[in-house]
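J.: Just dropping this structure here.
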Amino acid sequence: MKMLKRFSKKQKIIIGVVFLILLGSLIFLLQKRGEKGSSPAISPTPQVNRIIPLSLEEMPYLILTPKENNHYLVLKLKKIKNATGVEFELIYELEDQISRGISGKIDLKGEEAEKELMLGTCSSGTCRFDEGVTGGQIILNLLQGNQIRSLHTEFVIFEKESASPDEKISVEAAKKGNFLLLEGGGLPESLGEGKELLGGPYTLTSENQKSFFTITAEEGSLLYWDENEWVEAEKEEAPLGTYVLVK
């Protein structure tokens, strides 16, 4: 008579594990056979916003004005096209080369928008303004469906004289004051045929609306927007407003 082989406890555990593995493999194969011929599930591809720069013709017309001794900047946008919302980022620099920034949204009113930006910080109801702001940049994002259309502008703040950020024009005020020179953004109106843009637009603003400047440009002709049309600018008695360099 043959003796039945007795398995140790360890061998029994190994046999049990092998059996479970074989059973799991069998169940998996049966499930795959049942799914054969059916279309696999496709996960929807998430939509990702695309950031696309705006062309000059698509850009809104920007006006940035200093207020209350440069403690605030008033940003106005005109001729906003096909946008459902506007987001902004303002980065400004101080005399000690420290940079500060704020960001947020701007409510649309048709094709226009306006936002007052405070240059400083507030905490527990107490606000402290940043003194000695010398300039900065504004990045605007226009929301259009699943796209984000962006534009970038730069500005300088000065009391008597300054060059534009691209250094293509220089301005000198007849009297000292709080002045801002913004470079970039869209045009208030098309330049018309036969004119090529060399620089700008440049928009001069101030709390004193009666300020005049001398504007110097190394090349090109300087045009001024008189609220109706582009006209040849008086370089030695130039008022506040928007200018472009053309040829």
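The values are calculated or read from the model by the stated rules, or taken from the named source; none is laboratory data. Values in this document were obtained by computation on a predicted structure and should not be read as measured data. Neighbour counts are summed over all protein chains in view; Cβ atoms, including those assigned to glycine, are modelled from backbone coordinates with ideal geometry. Just the protein is used for accessible areas: all its heavy atoms, side chains included, with ligands, DNA and RNA removed. Shrake-Rupley method; radii C 1.70, N 1.55, O 1.52, S 1.80 Å.
J.: How many residues, within region 134-156, are touching an Asp or Glu at 6+ places or on another chain (Cβ under 6 Å) and among the hydrophobic types (A, V, I, L, M, F, W, C)?
T.: Matching residues across region 134-156 total 1.
J.: Which of (1) of a type outside the set (Phe, Trp, Tyr); (2) over 14 Å from the mean Cα position of the chain (by Cα); (3) at pLDDT below 95 does His71 not meet, given it meets every other one?
T.: For His71, the failing item is (3).
J.: Right, another one. So in region 204-247, with the set limited to residues that are more than 21 Å from Leu180 (Cβ to Cβ) and small (Gly, Ala, Ser), which one is surrounded by the fewest Cβ atoms within 10 Å (Cβ to Cβ)?
T.: Ser221
J.: Quick check: anything in region 33-41 modelled with pLDDT of 95 or more and not in a loop (DSSP other than H, G, I, E, B)? Even if it seems obvious, please write down each step before you answer.
T.: Taking region 33-41 first, the residues modelled with pLDDT of 95 or more are none.
There is no residue in region 33-41 that is modelled with pLDDT of 95 or more and not in a loop (DSSP other than H, G, I, E, B).
J.: Something else about it: Considering only residues of region 170-197 that are open to solvent by 40 Å² or more (accessible area, probe 1.4 Å) and aliphatic (A, V, I, L, M), which is farthest from the chain's Cα centre (by Cα)?
T.: Checked region 170-197; the qualifying residue farthest from the chain's Cα centre (by Cα) is Ala174.
J.: Let me ask you something else. Go through (1) under 17 Å from Glu154 (Cβ atoms); (2) modelled with pLDDT of 90 or more; (3) outside any strand (DSSP E or B) one by one and return the number of the condition Thr65 breaks.
T.: It is condition (3) that Thr65 fails.
J.: Name the strands (runs of 3 or more DSSP E) wholly inside region 74-136 in which the number of residues that are over 17 Å from the mean Cα position of the chain (by Cα) and at pLDDT below 95 is 3 or more.
T.: 120-123, 126-129
J.: Just give me the residues in region 98-156 being acidic (Asp, Glu) and either buried (at least 16 other Cβ atoms within 10 Å of the Cβ) or farther than 18 Å from Glu57 by Cα (or both), in sequence order.
T.: Asp107, Glu114, Glu116, Asp130, Glu131, Glu154
J.: Another question about this same structure. Being in contact (Cβ under 8 Å) with a residue 40 or more places away in the chain and closer than 29 Å to Ser221 by Cβ narrows it down to one of Pro165, Pro188, so name that one.
T.: Pro188
J.: Looking at region 167-214 only, could you name the residues that are more than 22 Å from His71 (Cβ to Cβ), in a loop (DSSP other than H, G, I, E, B) and among the acidic types (Asp, Glu)?
T.: If the condition is that a residue be more than 22 Å from His71 (Cβ to Cβ), in a loop (DSSP other than H, G, I, E, B) and among the acidic types (Asp, Glu), then Glu167, Glu189, Glu193, Glu196 are the ones that fit.
J.: In this structure, is Glu167 within 18 Å of Leu204 (Cα to Cα), touching a strand residue (DSSP E or B) at 6+ places or on another chain (Cβ under 7 Å), open to solvent by 70 Å² or more (accessible area, probe 1.4 Å) and modelled with pLDDT of 95 or more?
T.: no
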